[in-house]
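Below: the structure, in structure tokens.
Read the figures in this text as sums done on the coordinates, not as results from a lab. Bear in mind the structure is a predicted one, so any value in this text is a computation, not a measurement. Every residue, glycine among them, receives a Cβ derived from its backbone with ideal geometry; neighbour counts consider all protein chains shown.
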Amino acid sequence: MDITYFKLTVMFQEPFWIGLCERECGGTLEVCRIPFGAEPKDGEVYEFWLRNSSSLKFSPALSEGSGLAERRKNPKRLQREARELTRPSRIGTKAQQALKLQQEQGKEKRHALSKMQREAEEQRRFALRQEKRKDKHRGR
């Protein structure tokens, strides 16, 4: 894996302090979110990084082309786009988009797992009902 750059940003996101790890590998961006809780000191962040860097779960890779265009834009258009990005309903940065994608994939996995469990439970109940019907038919 050819890592071009790695960046760890610690910021306050109500009500916790979080770390946002970004790494660029061969033209793709991957992101990981680390919740810290209380405000971490520099030493604590470094120690956390040394202990847990290999076990971090990064989001699926986003290509570099998915960002803003390199062409120069009209200043009024840039203002309008910046205003739209600051609205709470929209996700602005590539890191936030990657985190949202990771969250949605986790949600899909949870839904699939719960569906399988629900179907297994339904089949178990059906088999139990069928067994009771057979016993009742036999006069037990």
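Pull up the cross-link candidates among the lysines for LYS7, meaning alpha carbon to alpha carbon under 30 Å and not fewer than 8 places away within one chain. Filter leaves LYS41, LYS57, LYS73, LYS94, LYS100, LYS107, LYS109. What whole-number distance in Å separates the alpha-carbon centres of the stretch 16-32 and the stretch 112-140? Taking the Cα centre of each part, the stretch 16-32 and the stretch 112-140 sit 47 Å apart. Relative to the dominant Cα principal axis of the chain, helix 94-137 is inclined by about 0°. Rounded to the nearest 500, the helix-only mean residue ellipticity at 222 nm of the chain stands at -16500 deg cm²/dmol, with each DSSP H run of n ≥ 4 adding -39,500 (n - 2.57). Computed about its Cα centre, the charge dipole of the chain is approximately 1300 debye, with only Lys, Arg, Asp and Glu carrying charge at their Cβ. Tell me, in nm to one decimal, what length is gained between GLU131 and SER114 on full extension, where the rule is 0.36 nm per residue of separation less the Cα-Cα distance? 3.6 nm is the gain from fully extending GLU131 to SER114. For CYS25, the amide hydrogen comes within under 5 Å of the amide hydrogens of THR4, GLU30, counting only partners 5 or more places away or on other chains and with H modelled in the peptide plane. Look at (1) -0.56, -0.85, -1.23; (2) -0.41, -0.67, -1.15; (3) -0.42, -0.78, -1.15: the one that is log10 I(q)/I(0) by the Debye sum over Cα atoms at q = 0.10, 0.14, 0.19 Å⁻¹ derived from this structure is (1). The length gained by stretching the chain between LEU85 and TRP49 to full extension, at 0.36 nm per residue less their Cα-Cα distance, is 9.9 nm.
Sorting the segments 40-52, 13-25, 128-140 by their residues' average number of neighbouring beta-carbon atoms within 10 angstrom, most packed first, yields 13-25, 40-52, 128-140.
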